[in-house]
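To start, the structure itself, in C-alpha cells.
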Amino acid sequence: MSEAKYKRIVLKLSGEALSGKLGYGIDPNIIRSIAAQIKEIAQMNVEVAVVVGAGNIWRGKSGSEMGMDRANADYMGMLATVMNSLALQDSLENIGIQTRVQTSIEMRQVAEPYIRRKAIRHLEKGRVVIFAAGTGNPYFTTDTTAALRAAEVEAEVILMAKNEVDGVYSADPKLDASATKYKELTYLDVLNEGLQVMDTTASSLCMDNDIPLIVFSIMEEGNIKRVITGEKIGTIVRGK
C-alpha cells in the first residue's frame, strides 16, 4: 500500500458533489462512494475532517437574489449543511467509521457544538470530524469555513473535491473550449486573475496561513486516495 503524504487533512465537499447527476438532493450511490473513499484514507491513519456545502439543497446567495434577507437566507444554507453532514455521518458509520458532527450553530440533539480542542482530540483518536453549519455567521461561505477550520485544527492541506471539473481552468471548460487546466498556482495568481477556485476571503486565509489547496474531481473512484498518496492529479494551489 502506498504511504500517505499527509497526516491531517480537511476535505471540502460541495453540496453539488452529493447530488451527482440528480442535480438536487443526495444521490445515495454518490454519498456511499464518497464514504468508501474516506474510509480508505482513514484506514491509512490519515486524520480526516470534512466540510460539506449545501448547494444541493439551498444557496443563501440565491435566496437573497430572490429578495430574502441575506442573513436569513444564509442561515437556511447553514441548516442545509447540517442535513448533508448527518447524511454523510450515517453513510460513514454504516461502513464502520466512527464520526462526530460538530456544528457552529448549537443543536445538541443532533450534533456536538464546535469546540476546537475537542475536534482535534477526535481527530487524534481516528474519528472523522464533520464540520457543519458553516462558520455560524452569515455572509461567509463553506469555502471560508474549510480554510478557517483547516487553520484551527492545523491541517496540512485542504482537498477540494469537485463534481464538474477536475482542477482549476483559465475559464469555464464547459463554455470555453480553449480553456486550459493549471497544474500549479499560487494564491496570488488565483486572486489576481479572478479564478473561481474559492472566494477571496477563503483564499486570503489559506495564503496567510500557508495552507496548500488541491482541487480535483470526486467523480472518479479512488481519487481521494490518489491525492493523499501524492499522485499529481487536479491542481495544487500554494501560498508562494
Centroid-to-centroid separation of region 118-133 and region 166-216 [C-alpha atoms, Å]: 27
Taking the alpha-carbon distance from K7 and a cut-off under 20 Å, which aspartates and glutamates remain once sequence neighbours fewer than 8 residues away in the same chain are dropped? E40, E47, E124, E152, E154, E156, D210, E231
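Which of T103, T135 has the fewest other C-beta atoms within 10 Å, and how do the rest follow up to the most? Mind showing how you got there, number by number?
Values: T103 24, T135 20.
Ascending Cβ contact count within 10 Å gives the list T135, T103.
How charged is the neighbourhood of S91? Take every other residue with its Cβ under 14 Å from the Cβ of S91, and add Lys/Arg as +1 and Asp/Glu as -1.
On the way: positive: R32, K39; negative: D27, E40, D90, E93.
With Lys, Arg at +1 and Asp, Glu at -1, the net is -2.
Per DSSP helix of 4 or more residues, -39500 (n - 2.57); summed, then divided by the residues of the chain. What does that give at 222 nm, rounded to the nearest 500? Can you show the working numbers first?
Values: 9 runs with 93 residues, N = 240.
Helix-only estimate at 222 nm: -11500 deg cm²/dmol.
I want the local charge near T103. Using Cβ-Cβ distances under 14 Å, sum +1 for each Lys or Arg and -1 for each Asp or Glu among the other residues. Before the final figure, lay out each step's value.
Working: positive: R100, R108, R116, K118, R149; negative: E106, E112.
Every neighbour counted, the sum reads +3.
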Please give me, ordered by residue number, the GluC sites (Glu not before Pro) of region 1-89 that lie in loop per DSSP and have at most 13 other Cβ atoms within 10 Å. E3
Explain nothing, just compute: Karplus ³J(HN,Hα) = 6.51 cos²θ - 1.76 cosθ + 1.60, θ = phi - 60°, for every residue of region 154-167 in order, whole Hz, x for Gly and Pro. 6, 6, 7, 7, 10, 9, 9, 8, 10, 9, 10, 10, 10, x
Above 34 angstrom, tally the Cα pairs of the chain and express them as a % of all pairs, no decimals. 8
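Where a number appears in this text, it was derived from the coordinates with a stated rule and is not lab data. From a predicted model like this one, the values you see are computed outputs, not experimental measurements. All Cβ positions, glycine included, derive from the backbone under ideal geometry; neighbour counts span all protein chains shown.
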